[in-house]
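The values are calculated or read from the model by the stated rules, or taken from the named source; none is laboratory data. The shown structure was predicted, so the numbers you read here are calculated from the model rather than taken from an experiment. In this analysis, Cβ positions are derived from the backbone assuming ideal geometry, glycine residues included, and neighbour counts consider all displayed protein chains.
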Amino acid sequence: MPEDRAQAPSGAAEIAALHAERAAELQRIKGRLAGLGEGKRYWRSLDELAESPEFLEMLHREFPQGASEWSDPVSRRQFLTLMGASLALAGLTGCVKGPKENIYPYIRQPEQIIPGKPLFFASAMTFLGYAEPLLVESHMGRPTKIEGNPDHGSSLGSTSLYAQASILSMYDPDRPRTITHLGEIRPWSEFSAQMAPVLEEQKKQQGSGIRLLTPTVTSPSLAAAIRRMLAVYPQAKWVQFEPAGRDNAREGARRAFGEVVDTVYKFEDADVVLSLDADFMVCGPGAVRHARDFAARRKVRSADPAMNRLYMVEPMPSSTGSLADHRIAMRASDIGAFASAVAAGVGVAGVEAPASLSPRQRRQAEVIARDLAAHKGRSLVIAGEWQPPEVHALAHAINGALGNAGKTVVYLPSAEAQPVNQWTAIKDLAEEMEQDKVQLLVIAGCNPVYDAPADLEFARRMEKVGLRIHLGLLADETAALCQWQIPECHFLESWGDARAHDGTVTLVQPLIAPLFGSKTLIELVALLAGEGAKSNYELVRDYWKSQLNRPDFDQFWAKCIHDGFIPDTASQPKAVTASTDRAAFAPTAPGADGIEVVLRPDPCVFDGRFANNGWLQEVPKPFSKVTWDNTALMSPATAKRLGVQDEDVVEIAVAGRKVTLPVCIQPGHADDSVTVHLGFGRTRAGKVGNKVGVNTYVLRTYEAPWVLTGAAVRKTGKRYALARTQMHWNMEGRNLVRHTDLEHFRKEPDFVKKYDYIPPASITPRHEYRDNSWGMVVDLNACNGCNACVVACNAENNIAIVGKDQVRRGREMHWIRIDQYYEGDPESPSLHTQPVACQHCENAPCEVVCPVAATVHGDEGTNDMVYNRCVGTRFCANNCPYKVRRFNFFQYQDYTTDLLKMARNPDVTVRSRGVIEKCSFCIQRLNAARIDSKLEGRPIRDGEVKTACQAACPPQAIIFGNMNDPESEVAKAKTLGHNYALLTEYNTEPRLTYLGSVRNPNPEFGEA
Amino acid sequence: MAVLALVASTGTVAALVYHSPFIRGHRVPKDQPVPFYHEHHVAGLGLDCRYCHWSVEKSSFAGIPPTSVCMTCHSQIYTDVPVLEPVRESWRTGKPIEWVKVHDLADFVYFNHAIHINKGIGCNECHGRVDKMSAMYQDSTLYMRWCLDCHRNPEKFVRPREEVFNMAYEKPANQEEIGRKLVAEYEIGNKVNCSTCHH
């Protein structure tokens, strides 16, 4: 229940006046757009478009209103108390000796470790069962930073934002420290002793009362262990459940081919892509690889590039949608009908364009179908993870009809150990619990009390089970209802394996011994199976020893662990036969009239599993730019119809189930559709995640997991304050994003230049660079604003999180921000993203105003920030036209929690209160590379230094390197015609430049 | 005037105290769990610095020897002297010896041993005549201006690489002349950026 922050308009007259005002405002906006004529116009919010007084005020501020003021009496008082204490300490410490510091050497020096130098180990994170291959940086046995595994086809060096953030989950201070039984501390030995009679009892009845609930399992060794357990208890059942799992994809494949297969997409070979609500650069197995392959076909590096084309049909603007050449905002429940029309257009037998489509949608489907058909074997249709099975089946059928199967679309045997319909499985489990058929419930790594379909009443039914055991990273909602709570190992503490999106067996290697004596699932399963004494490592290794059966196993195994995967285990493409059952593609019933509610996992905390991860809570969500909350996202027209504005609280009621959520108006959202994110409103996530947002799982039922039709959305009259960063750090619309279409680009490859105003030569002397001159280029044609860079920067540079209240005041500390722009009609704008970090200006306005020389120009071109000199005048931030400087208004860094200290990068100073900080081009990495190169007596090689954002970026939109080396990738990118800098009129000469975005629209599409 | 004089004298006294060896730990030996005798090990026995500080040429951190290195000899000699009990205890219990840091740079300073060693800066240039120290102390002020003295004029301090570990090395009369040659030969870059040491 959102708290009531601001006053609500009380009388009906006031509300009516507000409506009238709102309607007038929309009219004004439309009027402004109409008056703009040919010139392109980008905007970031409806306020900006309307040039509201609030917006104009914001523009002229260095920090948003309130950021620099003590407007909160409580925090002011707290601050004064704290300051009093720290002043007293400062007074003392200023004049006495520094604290004594100890050095603790090893007893025996471990192999490989050179103190002061990090080591990198291959490992993997499993997400929805699939492995994301990683390379983890370790400082003296302490993992600090996650990178992608460059040798593995699922990563090639990039990672998702979840993988980047996972390191913080390991050091989460809320992790339970011991095994408990009814709240009492118990050792593992006692757990196993107490389990023995229970298991003995179960053996007599063939384990008929045992249920094991796990997330999706692709791990061969774990699956084998579970099967061994099931052999001991033949009547026991293994249930897998993910609240935002792949049931739709699984069922879609079953309908299309009669069996479950995994689909791997070859975006590198696809000229035309139709995405049916698939955010494929972010969601689904292989998203990191898919993002890279897709973006590779969009990067413009010549005057006549061969670009792919993306049609995106989706209800809510997504990261992938921001790169679309044609983006069609459509209600989620209409997408099935649209897919049918496309299928009919490309000649899928037995499918007709449904009559429910509007004439416009029908035209659009025809044009897309023609374009797809013109690229047979070189096109690709992909269905969204959350679209119903029939849309997946239709996508398969369209790909079949286009001859894409085996070319751009490859089918592999399912990577899952036991692909089942998890949605029905959890229902069966709930019913069995109701019927008292379950005596021992083991829940590992799942949180069904929070995230199972609400109508299954999982919590109530679970309490009918005699013995409940929970294995989990956090003591969550489910753990609270279990007698035994066993802390689970984080993947960085475990041995294991999992299959990647292409089936490759990827190994999970621990970077550190379990911090809290926690256990892995495979150990728990082995204990249940009576194999007790084996360690986690032995269980995994022994499995592979028996499977691989090689005389040189030890050597081979060592190599696999080093590489992070077992070679040649990728699945072989599978021949599939298309089902002839036309009913499989039966077009979905068109979405009912009225408002649909679309449930989606949150782009940041996903299904709620990352709710206690502050990095992910504070990352602004793509497009809505909301942090620390979930909202009811809707189009401006829908909001107008409902008479609501941003931050109005609405009540959403579907079939008697209700939630109240603040409204967030999202230009580009489909009309009559409200998107609501799952994963919030947790009660036992931990200190960070508790009571953040609203639990929307209460709306979710067995029958309607993703789209709820017939919803009643009602304004409550209450208001709720959101922390949105969309209008923070605004630079005013001065041609910051530049884009054109391919046709125009061919005529004018330097189209970006016409917006430049370069002032006459500067009177200040030029800097000279002997060896290196660092520069960066961001390719706006590849960036989709997925936030992986933001989280990577958090991890690499020890950036603090500040919490919702501080974000609202514009005090978020992210060194890189993703600016998002809309262009055109607010009902169906085209979307643009632009990451902005410190531009490292050649003539930096910040440098000349610092009274204490705390920000200075380095001899390799970087704009350096010297924290220990900074006295916090903020003159630099005031003078920065790019608004990239961040100020520590409070002591945001946690200096006291030991666990969080371990998570920090030892090569970066942890900033204290009162200093400015900003992007350094990862100067610590530059320095390390410079020293290494000097020790070896060679220049720094191109590509040797990757900034944290660049390394993480799945579509590889960031290029970094030495501009003095004409052969470097960055120097080449800087010579391209569509390379431009922001705000050239100031003569700042930024070292961070952008490649203008080029879209490839279909001329036939027109205004279709 | 009187007020001004008072302020000035208070300031001077404060500065003197602040910069005094007592506050900065400059030339003040620190109590260690084991009274390790550098003079005996280096000058007396002739151990190379790198026998114990083995990562000095490879890493930012010179390395503090693991207990096993102490025990190479002390499992055979002086096996029962009381002062070495902490070493034996560490070996027995697997708990590290808690050495006290002598050269304790501020946490926002990133110093790298490897690059200095490889560019011809001798150990005793910063650490003093360790071979003559009974108890280890900080020989230099470690002020930033002291670092910059060398970073701005490396030719005054650089020596041939083969002399880096030579504690008895004396600067020749024509140091600046030789220094300039070495600066060119070793490609010493005069790094005086803030970000060279602060990041």
Checklist entry - Condition test on B:Lys95, is it farther than 24 Å from A:Arg869 by Cβ, within 20 Å of the chain's Cα centre (by Cα) and not aliphatic (A, V, I, L, M)? => result no
Next on the checklist: Can you go through A:Pro305, A:Pro285, A:Pro317 and tell me which one is surrounded by fewer than 24 Cβ atoms within 10 Å (Cβ to Cβ) and either in contact with a Leu (Cβ under 9 Å, 6 or more places away or on another chain) or assigned by TED's automatic domain parsing to the domain that holds A:Ile959 (or both)?
Outcome noted: A:Pro305
Item to check | Pair list, Cβ < 8 Å and 6+ apart or interchain, from region A:758-782 residues that are away from chain B (no Cβ under 14 Å) to residues that are assigned to a loop (DSSP other than H, G, I, E, B) and among the hydroxyl-bearing types (Ser, Thr, Tyr) | outcome: A:Met776/A:Thr947
Checklist entry - How about region B:78-101: which of its residues are more than 10 Å from every other protein chain (Cβ to nearest Cβ), among the hydrophobic types (A, V, I, L, M, F, W, C) and in contact with a helix residue (DSSP H, G or I) (Cβ under 8 Å, 6 or more places away or on another chain)? => result B:Leu84, B:Val87
Checklist entry - Among the residues of region A:345-387 satisfying the criterion of being at pLDDT below 90 and of a type in the set (A, V, I, L, M, F, W, C), which is nearest to A:Pro315 (Cα to Cα)? => result A:Leu357
Checklist entry - Residue check: is A:Met125 assigned to a strand (DSSP E or B) and touching a residue at least 24 places away in the same chain (Cβ under 8 Å)? => result yes
Next on the checklist: For the structure I just gave you, tell me whether B:Lys132 is within 14 Å of another protein chain (Cβ to nearest Cβ), over 11 Å from the mean Cα position of the chain (by Cα) and either surrounded by fewer than 14 Cβ atoms within 10 Å (Cβ to Cβ) or farther than 24 Å from B:His26 by Cα (or both).
Outcome noted: no
Checklist entry - Of the residues A:Arg913, A:Arg938, which is free of Cβ contacts under 8 Å to residues at least 40 places away in the same chain, within 14 Å of chain B (Cβ to nearest Cβ) and either in contact with a strand residue (DSSP E or B) (Cβ under 8 Å, 6 or more places away or on another chain) or part of a loop (DSSP other than H, G, I, E, B) (or both)? => result A:Arg938
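Give me the residue from region A:857-876 that is hydroxyl-bearing (Ser, Thr, Tyr) and within 11 Å of chain B (Cβ to nearest Cβ) and, out of that set, surrounded by the most Cβ atoms within 10 Å (Cβ to Cβ).
Filtering region A:857-876 for residues hydroxyl-bearing (Ser, Thr, Tyr) gives A:862, A:867, A:873.
Next, from what is left, pick out any that are within 11 Å of chain B (Cβ to nearest Cβ): A:862, A:867.
Working: A:Thr862: 25, A:Tyr867: 20.
Within region A:857-876, the match that is surrounded by the most Cβ atoms within 10 Å (Cβ to Cβ) is A:Thr862.
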Checklist entry - Looking at B:Ala173, B:Ala106, which is the one that is aliphatic (A, V, I, L, M) and away from chain A (no Cβ under 13 Å)? => result B:Ala173
Checklist outcome for this item: If we ask which residues in region B:16-66 are assigned to a loop (DSSP other than H, G, I, E, B), more than 19 Å from B:Leu84 (Cα to Cα) and either at the interface with chain A (Cβ under 10 Å from one of its Cβ atoms) or touching a helix residue (DSSP H, G or I) at 6+ places or on another chain (Cβ under 9 Å) (or both), their number turns out to be 15
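Just to be sure, is A:Ala853 within 11 Å of chain B (Cβ to nearest Cβ), over 28 Å from the mean Cα position of the chain (by Cα) and not in a helix (DSSP H, G or I)?
Criteria met by A:Ala853.
Here is a yes/no grid of residues against (1) more than 15 Å from the chain's Cα centre (by Cα); (2) outside any loop (DSSP other than H, G, I, E, B); (3) of a type outside the set (A, V, I, L, M, F, W, C):
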{"position": "A:Ala131", "(1), (2), (3)": "yes, yes, no"}
{"position": "A:Lys145", "(1), (2), (3)": "yes, yes, yes"}
{"position": "A:Ser154", "(1), (2), (3)": "yes, no, yes"}
{"position": "A:Tyr162", "(1), (2), (3)": "no, yes, yes"}
{"position": "A:Ser169", "(1), (2), (3)": "no, yes, yes"}
Checklist entry - Any chance region A:104-119 includes a residue that's among the polar types (S, T, N, Q) and in a strand (DSSP E or B)? => result no
Checklist entry - Condition test on B:Asn112, is it of a type in the set (S, T, N, Q) and either over 24 Å from A:Pro115 (Cα atoms) or away from every other protein chain (no Cβ under 14 Å) (or both)? => result no
Next on the checklist: Looking at A:Val198, A:Val273, can you tell me which residue is in contact with a Leu (Cβ under 7 Å, 6 or more places away or on another chain) and either without any contact (Cβ under 8 Å) to a residue 24 or more places away in the chain or not in a helix (DSSP H, G or I) (or both)?
Outcome noted: A:Val273
Next on the checklist: Would you confirm whether or not region A:761-773 contains a residue that is farther than 23 Å from A:Val674 by Cβ and either outside any loop (DSSP other than H, G, I, E, B) or touching a Lys or Arg at 6+ places or on another chain (Cβ under 7 Å) (or both)?
Outcome noted: no
Item to check | helices (runs of 4 or more DSSP H) contained entirely in region A:281-386, each with at least 2 residues that are farther than 27 Å from A:Tyr411 by Cα | outcome: A:359-373
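Looking at B:Asn166, B:Asn190, can you tell me which residue is more than 14 Å from every other protein chain (Cβ to nearest Cβ), assigned to a loop (DSSP other than H, G, I, E, B) and either without any contact (Cβ under 8 Å) to a residue 40 or more places away in the chain or in contact with a Gly (Cβ under 9 Å, 6 or more places away or on another chain) (or both)? Write out each step before concluding.
Details: B:Asn190 fails: more than 14 Å from every other protein chain (Cβ to nearest Cβ).
Only one candidate qualifies: B:Asn166.
Per-residue answers, yes or no, for (1) over 21 Å from A:Arg925 (Cβ atoms); (2) within 14 Å of chain B (Cβ to nearest Cβ):
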| residue | (1), (2) |
| --- | --- |
| A:Tyr106 | yes, yes |
| A:Lys145 | no, no |
| A:Ala165 | no, no |
| A:His181 | yes, no |
| A:Pro187 | yes, no |
Item to check | Failed criterion for B:Ser9 (all others in (1) within 13 Å of chain A (Cβ to nearest Cβ); (2) without any contact (Cβ under 8 Å) to a residue 24 or more places away in the chain hold) | outcome: (1)
